[in-house]
Amino acid sequence: MTVYDVARQLAAIADLRDLCRSLAMLDAILSPDWESRYYSFNAAWAKGEEMASMRNGSGDEYSIVFSVAGGYVRGFCHESPMSPYDHDCEPWPGVIDDVPDVFKPFVQEPAFTDEDGVPVVTACLWRGATDDQWHHDTIDFPSNRADPDGATDLFKLLVDRSPEAFQRFAEDYYEVAVDLEAVSDVYALRPLDQELVSSLNVEVTLADLAQDISEIGYAVCPSGPSWVGPQ
């Protein structure tokens, strides 16, 4: 899979944002230690901007900026032959060449570049707020790799949006049983209550999650009847 395949399978902006919030909330519940988490979401990353991110602890990462302009996705696979560090510290031709002006500030965003200002990127997509699809540059991929830009592993939970996919990931990564019904509830953005949190991690309370809940912008169940799902 390459960024071309991801562009065809990625959800619309609003749905992708919801998925990213769910991933971040699930990871926060399963991993109280922030340093051990894969997924995060900052609903107040910058004025008018939210950011979802993934880091696997081995050098691979992505960042997704949601703004009034639309969505901008930057992915980096450190073992990709398209890494700028294997290409004279320059992004692979075509990866970011045609990024529209409205998204170009993100190309040079300090959070997405190294100390020398080199964009840390092997895969890039964007979608304007009124667009009906995700876009990418025209890229001449290396021919000797099935996953030249790292898109397969970078974006696997964004392409396979099933709760089962997250359950498989979490059980493998955290080496614990993960309740599929609870994952499904968070994927549906069910407001959190202690019962839902405990079904995922008995050692975590709502109070423990207060900062994460605020940062992610996730809803907490008010006192009253139990959540019964979308009507």
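Here are some notes:
- Pairs meeting the criteria (first residue in the range 1-22 and hydroxyl-bearing (Ser, Thr, Tyr), second residue buried (at least 16 other Cβ atoms within 10 Å of the Cβ) and outside any loop (DSSP other than H, G, I, E, B), beta carbons under 7 Å, at least 6 apart or on different chains) are 2/151; 22/186; 22/187.
- Within the range 98-123, the set of residues being β-branched (Val, Ile, Thr) and closer than 15 Å to residue 82 by Cα comprises 118, 120, 121, 122.
- Counting only helices (runs of 4 or more DSSP H) that fall entirely inside the range 150-212 and contain at least 3 residues that are surrounded by fewer than 18 Cβ atoms within 10 Å (Cβ to Cβ), the qualifying elements are 163-174, 180-187, 194-200.
- Candidates in the range 97-123 are the residues that are aliphatic (A, V, I, L, M) and under 19 Å from the mean Cα position of the chain (by Cα); of these, the one that is surrounded by the fewest Cβ atoms within 10 Å (Cβ to Cβ) is 111.
- Count - residues of the range 1-54 that are more than 19 Å from residue 106 (Cβ to Cβ), in a helix (DSSP H, G or I) and touching a strand residue (DSSP E or B) at 6+ places or on another chain (Cβ under 7 Å): 4
- Out of 8, 21, sole residue that is surrounded by fewer than 16 Cβ atoms within 10 Å (Cβ to Cβ) and at pLDDT 95 or above: 8
- Only a single criterion out of (1) charged (D, E, K, R); (2) under 20 Å from residue 165 (Cα atoms); (3) assigned to a loop (DSSP other than H, G, I, E, B) is not satisfied by residue 79, namely (2).
- For residue 131, the conditions (1) outside any helix (DSSP H, G or I); (2) surrounded by 15 or more Cβ atoms within 10 Å (Cβ to Cβ) are fulfilled apart from (2).
- Residue in the range 30-45 that is within 25 Å of residue 134 (Cβ to Cβ), free of Cβ contacts under 8 Å to residues at least 12 places away in the same chain and out of contact with any His (no Cβ under 9 Å at 6 or more places or on another chain) present: no
- Yes/no for residue 139 being in contact (Cβ under 8 Å) with a residue 40 or more places away in the chain, under 23 Å from residue 10 (Cα atoms), surrounded by 13 or more Cβ atoms within 10 Å (Cβ to Cβ) and touching a Lys or Arg at 6+ places or on another chain (Cβ under 9 Å): no
- For the residues 117, 57, the requirement of being under 20 Å from residue 20 (Cβ atoms), assigned to a loop (DSSP other than H, G, I, E, B) and free of Cβ contacts under 8 Å to residues at least 24 places away in the same chain singles out 57.
The values are calculated or read from the model by the stated rules, or taken from the named source; none is laboratory data. Note that this is a predicted model, so its numbers are computed, not measured. So basically every Cβ, Gly included, is an ideal-geometry build from the backbone, and we count neighbours across all protein chains shown.
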